[in-house]
Amino acid sequence: MPQHVAVIMDGNGRWAKKKGAMRIFGHRNAVQAVRDVTEGCGELGIKYLTLYAFSTENWNRPKAEIDGLMELLVNTLKQEIKTLSENQVRLVTIGETSHLPGDCQANLQWAIDQTKNNSGLTLILALSYSGRWEIMKAVKALAKDVSDGKVAADAINEAVFENYLQTSGIPDPELLIRTSGEMRVSNFLLWQIAYTELYITPTLWPDFRKEHLYEAIWAYQQRERRFGKTSEQLNPVS
Ligand code: IPE
Ligand code: IPE
Ligand code: MG
């Protein structure tokens, strides 16, 4: 079983278009998929679930769609907080959340505070997030610590650098799921997915349910994670 599953929730717009509806209709119908996957991961004992909800690049979408997404975020938080708490889910965020509208930030902070002592699944919402933004931010903070004499340049290694990332303390995802068939990572967790197994499904995000999560995990369990070694090294004939 993976400890950390990450998901690029994609295809809401196409789902709505197929139904002849506005894109926001697709986003609204995506909430059930979020519920299903969160509940499914919690039931399986997975420790971390990271959901890519809004990218740095998504700020370039039409204002009406952005406003609709932010409103949906606030309403969903208000609606789901009770269930999250009952299921021991701890909510955290990664990304430049200071760029979100004030009411979004306030509701997020409230939900984070309400769930901070929960001991089950950690649900990591990536909001106004991109991998390059995260790496640049980390590099700047590390450079400052070097110039302030807090870190010796020679002492920098992968473990030190990771302390400066948004995901500090969280293990890298073993499995990354992307829905809607797109074969790209779209600036998601660039550092963390160095050796992550990728699972891309044509299913559109609003149609994604627990059974699809189980299929993805099953596919992951069939993979041989070699980390550069040979298959023979991993399976010596006795
Ligand atoms: C994913 O669905 C949701 C967000 C990026 C916020 P899209 O809105 O990207 O849906 P498509 O890719 O246009 O179908
Ligand atoms: C990636 O989806 C971002 C999120 C799922 C939040 P996009 O739909 O924005 O990705 P691109 O632009 O098609 O690569
Ligand atoms: Mg998309």
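Looking only at the range 68-95, residues that are open to solvent by less than 70 Å² (accessible area, probe 1.4 Å) and either part of a helix (DSSP H, G or I) or at pLDDT below 95 (or both) come to 13 in all.
Out of R61, R90, R14, one residue alone is of a type in the set (K, R), touching a Gly at 6+ places or on another chain (Cβ under 9 Å) and over 26 Å from G169 (Cβ atoms). It is R14. In the range 1-50, counting only helices (runs of 4 or more DSSP H) that sit wholly within it, the ones holding 3 or more residues that are at pLDDT 95 or above and more than 15 Å from ligand 3 (Cβ to nearest atom) span 31-44. The number of residues in the range 142-167 that are farther than 30 Å from L123 by Cα, part of a loop (DSSP other than H, G, I, E, B) and either of a type in the set (G, A, S) or open to solvent by 40 Å² or more (accessible area, probe 1.4 Å) (or both) comes to 4. Being within 16 Å of ligand 3 (Cβ to nearest atom), surrounded by 19 or more Cβ atoms within 10 Å (Cβ to Cβ) and modelled with pLDDT of 95 or more holds for only one residue in R178, R184, and it is R178. Quick check on G13: is it within 11 Å of ligand 1 (Cβ to nearest atom) and farther than 16 Å from I177 by Cα? Criteria met by G13. Tally up the residues in the range 8-35 that are more than 14 Å from ligand 2 (Cβ to nearest atom) and more than 21 Å from the chain's Cα centre (by Cα), please. Residues in the range 8-35 being more than 14 Å from ligand 2 (Cβ to nearest atom) and more than 21 Å from the chain's Cα centre (by Cα): 6 in total.
The values are calculated or read from the model by the stated rules, or taken from the named source; none is laboratory data. If you're wondering where the values come from, they're calculated on a predicted model, not measured in any experiment. Reconstructed Cβ throughout: ideal geometry from the backbone, glycine too, with neighbour counts over all protein chains shown. We work out accessible area using only protein heavy atoms, side chains counted, and drop any ligands, DNA or RNA first. Shrake-Rupley method; radii C 1.70, N 1.55, O 1.52, S 1.80 Å.
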